[in-house]
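A short write-up of the structure that comes next.
The values are calculated or read from the model by the stated rules, or taken from the named source; none is laboratory data. Quick caveat: nothing in here was measured; it's all calculated off a predicted structure. So basically every Cβ, Gly included, is an ideal-geometry build from the backbone, and we count neighbours across all protein chains shown. Calculation scope for accessible area: heavy atoms of the full protein, side chains included, ligands and nucleic acids excluded. Shrake-Rupley method; radii C 1.70, N 1.55, O 1.52, S 1.80 Å.
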Amino acid sequence: MTATQTLLHIDASAQLEERSHTRKLTSSFIERWMSQRPQDRVIRRDIGRSPIPAIDQNWITAAFTTPEERTSSMIERLALSDQLVDEVIASDIIVMGVPMYNYGMPAALKGWIDQIARIGRTFSFDLGRGDVPIEPILSGKTLVILSARGEFGFDPGGMRAHMNALDPALAACAHYFGVAREDIHTITIEYQEFKDERYRRSVAQAEAAVSALAGQLAAHGRRAA
Ligand SMILES: Cc1cc2nc3c(=O)[nH]c(=O)nc-3n(C[C@H](O)[C@H](O)[C@H](O)COP(=O)(O)O)c2cc1C
């Protein structure tokens with residue numbers, strides 16, 4: 001992997017850096033990566049601090065109007081979405097800090113995904129394809145999800161697996177950002193609310209895993225880890 005890579009660094013935590021586990025993990029990942037590949041580029045999108053607005057009726061009308069038929073107000077309504085999509089297109093690796101809020105993703109991140117899922121830009125829709133009319137347009141990107149949660153047991157087989165509305169939802173939408181399921185890497189801190197030994201171990205394990213993953217991906221490319 002020699003060509004210059006572009007990382008899209010997204011933080012969805014509403015907390016400031018010193019209070020946020022996920023912000024610390026994304027910073028560590030980027031820092032480790034850049035120490036190995038200082039020539040690479042980082043696009044920063046802090047949606048925790050500057051939340052992405054929810055889509056509304058005008059947005060949907062604009063998005064589903066063909067580009068040639070859009071009025072100037074429709075073009076304006078889609079300007080943020082276009083910018084966010086351009087950032088995804090420009091990136092090779094998306095590094096996302098994602099806290100669990102009320103068993104799902106923060107509203108700011110759902111807002112970002114809703115702005116990214118754009119007909120004609122990130123997916124096409126054709127009923128001629130039968131039962132699978134949606135086809136992603138982007139491909140070949142890697143997604144690194146650095147998450148934290150107060151409770152534990154959200155992985156398959158865990159005591160709260162049935163309550164996990166975060167990881168499956170992100171995986172379901174990843175094709176809109178050009179990411180295949182096998183190119184999603186997830187590292188998670190659990191037990192944050194318990195503040196016990198399990199929590200301390202989980203933080204230490206996540207920090208070590210982030211450093212190892214950043215090192216491997218930076219050295220060998222997206223299928224390395
Ligand atoms: C508004 C809010 C909702 C939360 N909901 C959950 C939840 O449903 N399940 C859980 O395990 N932890 C929950 N937590 C705990 C967070 O996931 C945990 O504090 C995590 O460390 C937040 O990420 P951050 O440290 O990067 O801000 C919640 C925290 C907040 C602030």
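With both bridge residues required to lie in the chain, what share of the DSSP beta bridges run antiparallel, to the nearest 5%? Bridges in the chain that DSSP calls antiparallel: roughly 15 percent.
Which semi-axis lengths, in whole Å and largest first, follow from the square roots of five times the eigenvalues of the Cα gyration tensor of the chain? All intermediate terms of the calculation are to be shown ahead of the outcome.
Details: eigenvalues 184, 85, 60 Å².
Taking √(5λ) for each eigenvalue gives 30, 21, 17 Å, largest first.
Atom-type composition of the exposed protein surface of the chain places 53 percent of the accessible area on carbon and sulfur (1.4 angstrom probe).
In the chain, which helices (entire DSSP H runs) extend 27 Å or more along their own long axis, judged by Cα positions, while averaging at least -1.0 on the Kyte-Doolittle scale? Could you put the intermediate results ahead of the total?
Working: long enough: 197-220 (34 Å, -0.15).
Qualifying helices, which must be both long enough and hydrophobic enough, are 197-220.
Residues in the stretch 122-225 average 50 Å² of solvent-accessible surface per residue, probe 1.4 Å, ligands and nucleic acids excluded. When the chain is treated as a GNM, springs tying every alpha-carbon pair under 10 Å, which of Asp56, Asp114, Asp167 comes out with the largest mean-square fluctuation? Fluctuation is largest for Asp56.
Each of Ile10, Pro38, Ile60 was placed along the dipole of the chain (beta-carbon charges, centred on the mean Cα), and the one lying farthest toward the positive end is Pro38.
With R₀ fixed at 22 Å, the C-beta to C-beta distance from Gln216 to Ala107 puts the FRET efficiency at about 0.10.
Summing Lys and Arg as +1 and Asp and Glu as -1 over all other residues whose Cβ lies under 10 Å from the Cβ of Thr188 gives a net charge of -2.
Excluding same-chain neighbours fewer than eight residues apart, the lysines reachable from Lys195 by a Cα-Cα span under 26 Å are Lys24. Evaluated with a Cβ-only charge set (Lys, Arg +1; Asp, Glu -1), the chain carries a dipole of roughly 460 debye about its Cα centre, given to the nearest 20.
Taking every DSSP bridge with both residues inside the stretch 76-182, close to 30 percent are antiparallel.
Rounded to the nearest 10 square angstrom, Glu68 shows an accessible area of 150 square angstrom against a 1.4 Å probe.
Couplings 3J(HN,Hα) for the stretch 137-143, derived from phi with the Karplus relation 6.51 cos²θ - 1.76 cosθ + 1.60 (θ = phi - 60°), are 9, 8, 7, x, 9, 10, 10 Hz, where x marks Gly and Pro.
Which FRET efficiency value, to the nearest 0.05, is calculated for Arg200 and Ala171 with the Förster distance at 25 angstrom and r the Cβ-Cβ distance? If you can, show how the numbers build up before the last one.
Working: r = 28 Å, r/R0 = 1.14.
Efficiency, rounded to the nearest 0.05: 0.30.
From its DSSP helices (H runs of at least four residues, each -39,500 (n - 2.57)), the chain gives a residue-normalised ellipticity at 222 nm of -11000 deg cm²/dmol.
Here, the stretch 33-149 has an Rg and a Dmax of 16.2, 48 Å when only alpha carbons are counted.
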